[in-house]
Amino acid sequence: NYTWYYGTDSNPPPGQHDLVSVAAHEIAHGLGFSGSADYAGGVGSYGYNLSPLNPDIFDTFMESGGGTKLTSYTSPSIALGNLLTSDSLYFDGSNANAANGGSRVRMYAPSTWDDGSSYAHLNYSTFAGTVNSLMVYEIASGTANHNPGPVTKGILKDLGWLLTNLKKTYLPIVTQNATTSFKPKAG
């Protein structure tokens, strides 16, 4: 039920949600900016039901405010559930930390688990309205962010992605029919 703004100029009018910002946000999730943690009834878990338990690479960078690795918690457990709803959950990767002024990156871990938002987003109160706002859990209508920001780039690099120093980022879209083809120009 959103009214989408389809322009690419980062200037959606009030009342419209910027499709490019939302798509870029979801692409980052697809590139691994998410993990396997889950929460139900006070119990937290991570990993996939394989033997042995296998965490997602994102999970291996997560830790408590005190520096205890998420993967050192028993899964499933109440202690892990407490961490996931502690408002004190951090991503600790060298590239992300460097992009965050040398500090670990605070993640979104509200006291009430928000399925689909908790754990897999940057902390809203820390990063909303900043250059790093692309990966907070919510974007307001009339706003846009077409740049992942240095913290998200750092997280993706920690996850193993090689990043280039492009001056402008765009999604190369190619459409074809029997008579025409369109390829956007960088610029």
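The values are calculated or read from the model by the stated rules, or taken from the named source; none is laboratory data. All figures in this text were calculated on a predicted structure; none of them were measured in a lab. Don't worry about glycine lacking a Cβ; one is built from the backbone with ideal geometry, like all the others, and counts go over all protein chains shown. Remember, those area values only see protein heavy atoms, side chains included, never the ligands or the DNA or RNA. Shrake-Rupley method; radii C 1.70, N 1.55, O 1.52, S 1.80 Å.
How much accessible area per residue does segment 80-170 have, in Å², with a 1.4 Å probe? The partial results should precede the final answer.
Numbers: 4460 Å² over 91 residues.
With the other protein chains kept in place, segment 80-170 gives 49 Å² per residue.
Can you tally the net charge around Asp59? Count Lys and Arg as +1, Asp and Glu as -1, for every other residue whose Cβ sits under 14 Å from the Cβ of Asp59. Provide the component values of the computation, followed by the final result.
Working: positive: Lys69; negative: Asp38, Asp56, Glu63, Asp92, Asp158.
Once all neighbours under 14 Å are counted, the net charge is -4.
Take every Cα pair under 8 Å in the chain that's 6+ residues apart, average their separations, divide by the length, and report that relative contact order as a whole percent.
Working: 330 pairs, mean separation 39.5, N = 187.
Computed over the chain, the figure is 21 percent.
Each principal axis of segment 2-99 carries a Cα extent, and these read 47, 34, 27 Å when sorted largest first.
For the chain, set up a Gaussian network in which alpha carbons nearer than 10 Å are linked by springs, and say which option among Asp56, Asp158, Asp115 fluctuates the most. Largest GNM mean-square fluctuation: Asp115. Annotation: extensible slack from Tyr6 through Glu26 equals 5.6 nm (criterion: 0.36 nm per residue apart, minus Cα-Cα distance).
Could you sort 140-153, 68-81, 2-15 so that the peptide with the highest average Cβ count within 10 Å comes first and the rest follow in order?
Values: 140-153: 19.0, 68-81: 16.5, 2-15: 12.7.
For the peptides 140-153, 68-81, 2-15, the packing ranking is 140-153, 68-81, 2-15.
Please give the helix 19-30 orientation as an angle from the longest Cα principal axis of the chain, in degrees from 0 to 90, rounded to the nearest 10. That works out to roughly 40 degrees.
Dipole magnitude of the chain about its Cα centre, charges +1 at Lys/Arg Cβ and -1 at Asp/Glu Cβ only, in debye to the nearest 20?
Details: 9 positive and 13 negative charges, 150 e Å.
Using only the charged Cβ atoms, the result is roughly 720 debye.
Rounded to the nearest whole angstrom, the semi-axes of the ellipsoid equivalent to the chain, taken from the Cα gyration tensor as √(5λ), stand at 32, 18, 17, largest first. Compute the long axis of helix 149-158 from its Cα atoms, compare it with the longest principal axis of the Cα atoms of the chain, and write down the angle in degrees, 0 to 90, nearest 10. Orientation of helix 149-158: about 60 degrees from the principal axis. When a 1.4 Å probe is rolled over the protein heavy atoms, the share of accessible surface on segment 109-151 that falls to carbon and sulfur comes to 48 percent.
Charge tally for Trp113 (other residues, Cβ to Cβ under 14 Å; Lys, Arg +1; Asp, Glu -1): -4. Summing charges over all other residues whose Cβ lies under 13 Å from the Cβ of Ser75, with Lys and Arg as +1 and Asp and Glu as -1, gives -2.
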